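S.K.: Before we start, here is the structure in question, set down as C-alpha cells.
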Amino acid sequence: MTVSDIAATDVVTATEDATLAEIVQMMGDESVGCVPIVNNDEPVGIVTDRKIALSLADDGNASNRAVSEIMTRDLTTIESDANVHDAVEQMEDAEIRRLPVVESGQLTGLVTLDDVLVAVADELDEVADVIEEQSPRL
C-alpha cells in the first residue's frame, strides 16, 4: 500500500504571510488540525493547532503575527509512491503525526497517523473475514 492510497488530497493550505488568526479560522472552518504552508504549491512549512496554542500561550496578542514566525520550517515530507510503512518510520523518526505528501516537490496530499491506523484496521478486518471463512466452527 502506498501513501497516495490513503492520503487526503483536499489539503487546506496557506502562504507564509497569512496571520495566525486567518490560520485558526481556516482550521475551524475546515475541521483540520494543521495547515501546510506553501510557496507555489511547494511545501515550505507547516503549522499545527498545538503550535498555535503554544504561541498564544506565550503571547496572547499573537493572532496578528504572520504564520511564518511560528511555522515549522524543517519540514519532513514523503513522496506519494512511498510505502505506508516508510511513512510510519518517518513519522516516528521525526516525532510527528502528519506528513505532507509530494510529487516532484509539489504538495499533493497529507497523510496522518490516523490515516495509517484506519488503513491497517481495514486490512485487519479483511484478514479476519478470510480467517473466519476458512476456519471450521467447533
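S.K.: Taking the dipole about the Cα centre of the chain, with the C-beta of Lys and Arg at +1 and of Asp and Glu at -1, give me whichever of Val118, Ser68, Ile96 is farthest to the positive side.
M.R.: Ser68
S.K.: Find the relative contact order for the chain and round it to a whole percent, using C-alpha pairs within less than 8 Å whose residues are 6+ positions apart.
M.R.: Once normalised by length, the contact order is 28 percent.
S.K.: On to the next question. Among bridges DSSP assigns within the chain, what percent are antiparallel (round to 5)?
M.R.: Details: 16 of 19 bridges.
Rounded to the nearest five, the antiparallel share is 85 percent.
S.K.: What is the fewest-to-most order of Glu30, Glu132 by other Cβ atoms lying within 10 Å of their Cβ?
M.R.: Ordered from fewest to most neighbouring Cβ atoms within 10 Å, Glu30, Glu132 come out as Glu132, Glu30.
S.K.: Add +1 for every Lys or Arg and -1 for every Asp or Glu among the other residues with Cβ under 14 Å from the Cβ of Asp58, and state the total.
M.R.: In short, +1.
S.K.: Which shape class applies to the range 1-48: rounded if a/c is under 1.5, otherwise prolate when a/b exceeds b/c and oblate if not, where a ≥ b ≥ c are the square roots of the Cα gyration tensor eigenvalues?
M.R.: oblate
S.K.: Counting only residues 5 or more places away or on other chains, whose amide H sits under 5 Å from the amide H of Ala82 once H atoms are built in the peptide plane?
M.R.: Correct list: Val3, Ser4.
S.K.: If you don't mind, there's one more thing I want to ask. Order of 76-86, 43-53 by packing, highest average Cβ count within 10 Å first?
M.R.: Details: 76-86: 16.0, 43-53: 18.5.
Ranking the peptides 76-86, 43-53 by packing returns 43-53, 76-86.
Coordinate-derived values only; no laboratory data. Because the structure is predicted, anything quoted here is derived from the model rather than measured. When we count neighbours, we look across all protein chains shown, and the Cβ atoms used for this are built from the backbone with ideal geometry, even at glycine.
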